[in-house]
Amino acid sequence: MLTKLLKFFKGYVVIHLSGYSPERFLNLCSRHGIVLWGLRSVGTEYEMCISIGGFRKLRPLVHKTKTKVVILERHGLPFILYNYRSRKLFAVGAAGGLVLLYVLSLFIWNIHVEGNYSLSDQVVLDYLESERIVHGMAKKNIHGEEIEAKLREHFPEITWTSAEVKGTRLIIHVQENEDSVPESVPENEPADLVASESGTVVSMIVRSGTPLVTEGMEVQKGDLLVQSRVEILNDGGEVANAYYVHSDADIRIRRREHYHASFPMQYVKKVYTGKKRTMLYLVLGNKRIDLRLLHRGGYGQSDFIASEFPLKVTENFYLPVIFGKQTEQEYIPTDAVYTKEEAVSRAKEELSLFFEKLRIKGLQIIENNVKIEITGDLCNADGDYLLEETAVQEQTPEIIIPDQEEKSDGEGEQS
């Protein structure tokens, strides 16, 4: 590959050799250090490749061997530049474009947030902007670990995050959990496993530690499930020795929860008049330029729908140029009442969204007993549901050393 690049930048020609003694010509080229490649015979004649520098040394050899050399093809950068010698501005523009692309590649032109559910992209981007992490900043100033720590500290619902630079993009991966995440015990220290929720143990696989419950048992929040203390018994069934481990187990707990949600049957409906207008705009860096020259008066009540198309060279090489289209639609707010079918459909959609939120957090819905009823001016969704989850957390055990055990046993005998 490197040899091909060198040949391209230096340039070379394909020549046709004929005459009285072509073999002698080839021997003289070898003696004078002139490199030939791609040699092939065409009857009693030859074709081959030779560099521009080597071609310039051929005149005395051709005269000495009484041969004839004809150029068949020209390849490489020198010939390309020669063909465009009358278009100097084109060459300068092409070179300037390459330099500009290189300079642009040193900056971040697109910040993308993914994995967020309750937090909107704009909320995360606004916080990053307050920390001076913005579009147009130099990639050398991006410190991934620092960004990750700030996001976890500022947003308690974020349990995991990762900042990744790809091309001219800064991709923020997040994982949310609205519940507080218990602090885990370091892996090199002993740890018990306790129930983080009340419920029924439905499955239990213990890899290390001593299990204190079995499948089918009811447990309360805070109950000890797997003990870090492992006892070694002698032949008499007494404790001969004990040691502590970092408990590790897969435990699934099933519990029942209550769901209730309601909304009024009366609401404000948007009746669109059919009037709308579209405006094109251009974003250069952080500056927006509207391309509509004539600005008419705004509508009384309207919705805005915008779509943007960032300019990019490759999948991850974004440029600081965005073409956008914004459509404004006029509507008239009107008092309306849900039909029974519309109200039930909305309640089901809200319930489905609630369950999807639980699934994202790792909970599995086993049974759904929520009923939807319309009572007076309200639509109510009420009932319980059965869910299953890994509801365990680690905690530091109270370690008892052997001397303390013997002392406590002795005190018990005296009493």
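The values are calculated or read from the model by the stated rules, or taken from the named source; none is laboratory data. None of the values given here were measured: they were computed from a predicted structure. So basically every Cβ, Gly included, is an ideal-geometry build from the backbone, and we count neighbours across all protein chains shown. Surface areas here come from the heavy atoms of the whole protein model, side chains and all, with no ligands, DNA or RNA. Shrake-Rupley method; radii C 1.70, N 1.55, O 1.52, S 1.80 Å.
Where residues in the stretch 231-288 are within 30 Å of Thr200 (Cα to Cα) and of a type in the set (Phe, Trp, Tyr), which of them is least open to solvent (accessible area, probe 1.4 Å)? Result: Tyr259. Among the residues of the stretch 46-104, which ones are out of contact with any Leu (no Cβ under 9 Å at 6 or more places or on another chain), under 20 Å from Phe9 (Cβ atoms), in a helix (DSSP H, G or I) and aliphatic (A, V, I, L, M)? The answer is Ile52, Leu77, Ile80, Leu81, Val92, Ala94, Ala95, Leu98, Val99.
Just name the residue that is modelled with the lowest pLDDT out of those in the stretch 310-353 that are of a type in the set (A, V, I, L, M, F, W, C) and buried (at least 16 other Cβ atoms within 10 Å of the Cβ). Once the filter is applied, the top-ranked residue is Phe317.
Residues that are open to solvent by 30 Å² or more (accessible area, probe 1.4 Å), in contact with a strand residue (DSSP E or B) (Cβ under 6 Å, 6 or more places away or on another chain), within 30 Å of Glu157 (Cβ to Cβ) and of a type outside the set (D, E, K, R) within the stretch 199-221 comprise Thr200, Val202, Ser203, Met204, Ile205, listed in sequence order. Screening the stretch 224-286 for strands (runs of 3 or more DSSP E) wholly inside it with 1 or more residues that are polar (S, T, N, Q) returns the ranges 224-227, 239-244, 248-264, 266-284.
This table checks each residue for (1) surrounded by 13 or more Cβ atoms within 10 Å (Cβ to Cβ); (2) closer than 23 Å to Phe309 by Cβ; (3) among the β-branched types (Val, Ile, Thr).
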{"site": "Ser105", "(1), (2), (3)": "yes, yes, no"}
{"site": "Arg132", "(1), (2), (3)": "no, no, no"}
{"site": "Lys140", "(1), (2), (3)": "no, no, no"}
{"site": "His143", "(1), (2), (3)": "no, no, no"}
{"site": "Leu151", "(1), (2), (3)": "yes, no, no"}
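Against the test of being under 24 Å from Val99 (Cα atoms) and outside any loop (DSSP other than H, G, I, E, B), the options Val344, Val321 yield a single qualifying residue, Val321.
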